[in-house]
Each structure stands twice: as structure tokens, then as C-alpha cells.
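Have a look at the structure below before the remarks.
The values are calculated or read from the model by the stated rules, or taken from the named source; none is laboratory data. These numbers come from a predicted model, not from an experiment. Virtual Cβ from ideal backbone geometry, glycine too; neighbours counted across all protein chains shown.
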Amino acid sequence: MTATPKTQPKTYHVKSFGCQMNVYDGERMAELMAAQGMTATDDANAADLVVLNTCHIREKATEKVYSEIGRIRKGAQEEHGKRPMVAVAGCVAQAEGEEIARRAKVDVVVGPQAYHNLPDLVRQAADKGLALDTDMPAIAKFGALPARRKTGPTAFLTVQEGCDKFCTYCVVPYTRGAEVSRPFDAIVDEAKSLVDAGAHEITLLGQNVNAWDDEAGTGLHGLIRALDRIAGLHRIRYTTSHPNDMKDGLIRAHAEVEKLMPFLHLPVQAGNDRILKAMNRSHTRDSYLRILDRVRAARPDIALSGDFIVGFPGETEEEFRDTLSLVDAVGYAQCFSFKYSPRPGTPAAEMDGAVPPEVMDERLKRLQAALNRDQAAFNAATLGKNCTVLIERKGKLPGQMLGKSPWLQSVHLTTDARIGDLVEVEIVRADPNSLAGVAKVKAAA
Ligand code: SAM
Ligand code: SF4
């Protein structure tokens, strides 16, 4: 790689793709650059440094990065006559390493466990050309990040990273590394500073967030109970959970901790036991359904959510119908569903029985029709109910504000409440994707 000295960037733009953990990492990267005295810009084409925080989970997500790099370079050249520095962070950086530098001639490649070094890498790249760091120290980065200073009414907080489950289709254990929990005190301190900075709701994040634990055996439920004691914090959520880590204490917390919102994202992926075994999911259809029964017994109004993959290698029509019947049995409030995408280096990528693309398309359509039906039914069931809405932003119409119900539905209402207010609302309209409410009294500010 030729070393072309560049001037140190003064402005930056961070763009995150993929999961909520990437959104969190992107915010932390922005804080790092700001701590160096750099200025953020919303216009990617105008920035001296563009950080693309990437996702490797499906092939489409990976390809997006390369097209985005081309688009930014073209826009920067045409609109501002400049060639910005490009840093590729996140899981594509981890998985592809130098390959991405070769293919896209980027300046910095930094993995998800090394981004605390981003300012140094940018300096190195400006002086000497390509700088690369894809080391995987066990979450050393958190101690090296600046304190949280600014946030909206809702904030993400990563508490656990990596995964040891090795589902046969998934790249996460290879790109994010082994499962590691951040220390209890560090999390509670960060939660307090987020609340001081304006957060009313915190979503605890992890690839297997319900596997979070410490040496004292506190467990995620213990952590949630500690956050429950933070004055000024009104709502707690967590995502994503694995069925095997759904312990009694956490289920009980759903019954006992008022700030813990009635929402559970518990991916199942498929409804057929042979497919679940081939996926190495280590739960069965029945064991999953029994967990949901216990959760519903603890918190009857809980909104359930999940992830599904259609067209896993060898999936027959009959096996796919088991997924549809599981959906019928659960009645989800909202879900994510994907076509299987073979990822290099994963066991499933070597399996026989590829499902033809047109069959995958057709199965995804049928699955999504069932999920949309259930989401509409869940929303319709909230019609006439009273609930609190946390106002997150302004709506498109004058006086309209947008917020979330306890069940994570988008609610719009006309009110003089401000962003960050918790408003007591009656739901007066239920659409398939959102609700409309009428403000009653302001519950808290
Ligand atoms: N740890 C979480 C779990 O086990 O559910 C989330 C992991 S992943 C970031 C989010 C979702 O992406 C998975 O639940 C799965 O549905 C989907 N996914 C992962 N690998 C995939 C692949 N190779 N093809 C299609 N979808 C995939
Ligand atoms: Fe991937 Fe499975 Fe780990 Fe989730 S549990 S991150 S799907 S390997």
C-alpha cells in the first residue's frame, strides 16, 4: 500500500449499519473524535473523515459498505472537490481486515473491539498511510472511552459483547469474539451518567444480553434491579436475548420491576426441531414455547418479538410450515425475518441442500404476511387502552409529537409535551405499524 501523507481531519461523520450494538459503538466513536477536538458534520460528503461502522451479518449488509464507500467518494469529489479519509470499523473490518483496504483503498480498518484506538489510527493513517487494528482484547475499549455527555431521551448501553453459542449460520462469534460481560460498577456508572445527560429510558445491549453476569452471580435481573434504583430513569429495556439464558430471576423481574418494560425480544429462528438442531440453536420448539408461557404468566401483557430465518440449507416446505405454525401459536407483537445468507467460514455455508432463491422469496412473503397480521392484531388490541408514552421527537405535522408505548409501539399525538416527557395517553387509533393517542395528563418529566 502506498503511503500518501494527508492532513489531519478536522471534521468527521460516523455512519452505522446493522444492529443496535453498532449504533451504540457509532455513538462512542463520535464521542472519541469529539474529544480530539474534531467537529461532527451530518453531511457525509463534506466530512474530512468518514467512519463507516459496518455489519457483516448477511451478504447484502457487507456489499452495502463497498457501494457506500464509492458513493461517498463520488459525492465528496463532486460537491466539495475533496477526497475524504475513510475508516471502516465494525464487523466487516474484523472479518475482511486487509482485504477491505486492498479492495476499497481505505485509510483505516478497525475492528469492533479496537475502536478506542481510532484517533491514533487516524493520526497514523494521515502520516503514513493505511492503519489497521483488528485485535480482540476482551473489551479493554470501554475503559478507554470518554464519559457520556449527551444523549436523547432514550439511550443504548452495551453491557455484554460477543457470543459463544456458534449457531451454524452466524458470523458473530468470529467477528465480535467470545462472550464477555462488562463489570457491574462500570455499567451502573455509565447508566447514571446517561441519566444525568438526559436519558429517561436505557436499553441494555448485548449479542446475548441475558447471559450477562459477574463473579457475584448478579445476573441480568440483578443488574436491572440496580438500575431500577437510579432516580430519573423511568424505563429499562434489554435486547437481544437467547432462549437458553432466560433464567427464572429475569422472568420474575418482569413481574416485579415496574421500570422494566413489558417487551421481550427472544429470537427463535425456526419452528422445526430438525432445522433448530442443524442451526445448533440448543433449544427446541417446545422448550422455546414453554419459556414464553412462563414469561406470559409473569407479565400477561408482555409484547413478544423474535427473529426468523427462512431457507436454511435443507429446509423443506413441511419444515417451513412448522415455523408458520409456531408464529400462529405465539402471536408476536413485532418481528424481524430474513432469508438465509451463507456467510464464509460458518458451518452452514458448507451444508448441502441450498434452498432456491425463488422458494426463499416465497417463504419470506408468507412468513411476513403472518407476522404482519399478528402485529396488526397486537396493535388493535391496544385500542382504547391507557398507557404512558415517552416522547422521543417531533412529528411531521404542527404540534405532533412521536413517542413509544411501553410495548415499543410508535405512538403519535398532538400535545404541548416536550421531548423527554412521559405522557399519559389514551390510544384512539391502531394502524398496522403505529398508534395514535390523545394526551390525558403529563405523568412525569
Ligand atoms: N444474538 C442474537 C440472537 O441469537 O438472536 C442476534 C444475532 S444477529 C445480530 C441478529 C439476527 O440476524 C439473528 O437472530 C438471525 O435471525 C439473523 N442472522 C444471523 N445470521 C444470519 C444469516 N447467515 N442469514 C440470515 N440471517 C441471519
Ligand atoms: Fe449469532 Fe447464535 Fe450467537 Fe445469536 S446466539 S449471535 S445468532 S451465534
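Determine if segment 332-355 includes at least one residue that is surrounded by 19 or more Cβ atoms within 10 Å (Cβ to Cβ), within 23 Å of the chain's Cα centre (by Cα) and either among the aliphatic types (A, V, I, L, M) or under 23 Å from Gly198 (Cβ atoms) (or both). Yes: segment 332-355 contains one or more residues that are surrounded by 19 or more Cβ atoms within 10 Å (Cβ to Cβ), within 23 Å of the chain's Cα centre (by Cα) and either among the aliphatic types (A, V, I, L, M) or under 23 Å from Gly198 (Cβ atoms) (or both).
Being touching a helix residue (DSSP H, G or I) at 6+ places or on another chain (Cβ under 6 Å) and among the hydroxyl-bearing types (Ser, Thr, Tyr) is true for just one of Ser305, Ser325, Ser341. Which residue is that?
None of the others qualify; the one that does is Ser341.
Pairs meeting the criteria (first residue in segment 167-185 and touching a residue at least 60 places away in the same chain (Cβ under 8 Å), second residue more than 9 Å from ligand 2 (Cβ to nearest atom) and charged (D, E, K, R), beta carbons under 8 Å, at least 6 apart or on different chains) are Tyr169/Arg343; Cys170/Arg343; Val171/Arg343; Arg176/Glu161; Gly177/Glu161. Arg296 falls short on exactly one of the conditions (1) under 23 Å from Ala381 (Cβ atoms); (2) out of contact with any strand residue (DSSP E or B) (no Cβ under 7 Å at 6 or more places or on another chain); (3) within 16 Å of ligand 1 (Cβ to nearest atom); (4) not β-branched (Val, Ile, Thr), and that condition is (3). For first residues located in segment 92-106 and closer than 20 Å to Cys170 by Cα, partners that are in a helix (DSSP H, G or I) and of a type outside the set (Asp, Glu) and lie 6+ apart or on another chain with Cβ distances below 7 Å form the pairs Val92/Thr62; Val92/Val65; Val92/Ile100; Ala93/Ile100; Gln94/Thr175; Ala95/Tyr174; Ala95/Thr175.
I'd like the residue in segment 1-55 that is farther than 21 Å from Asn208 by Cβ and basic (Lys, Arg) and, out of all such residues, is nearest to the chain's Cα centre (by Cα). So the residue we want is Lys15.
Of all residues in segment 214-256 being acidic (Asp, Glu), touching a Leu at 6+ places or on another chain (Cβ under 9 Å) and away from ligand 1 (no atom under 16 Å from the Cβ), which is farthest from Ser405 (Cα to Cα)?
Quick first cut of segment 214-256, residues acidic (Asp, Glu) only: 214-215, 228, 245, 248, 256.
So of that shortlist, the ones also touching a Leu at 6+ places or on another chain (Cβ under 9 Å) come out as 214, 228, 245.
Filter again for away from ligand 1 (no atom under 16 Å from the Cβ), leaving 214, 228.
Working: Asp214: 32, Asp228: 19 Å.
The residue in question is Asp214.
Looking only at residues of segment 13-53 that are closer than 20 Å to Leu205 by Cβ and assigned to a loop (DSSP other than H, G, I, E, B), we find that the one that is modelled with the highest pLDDT is Phe17.
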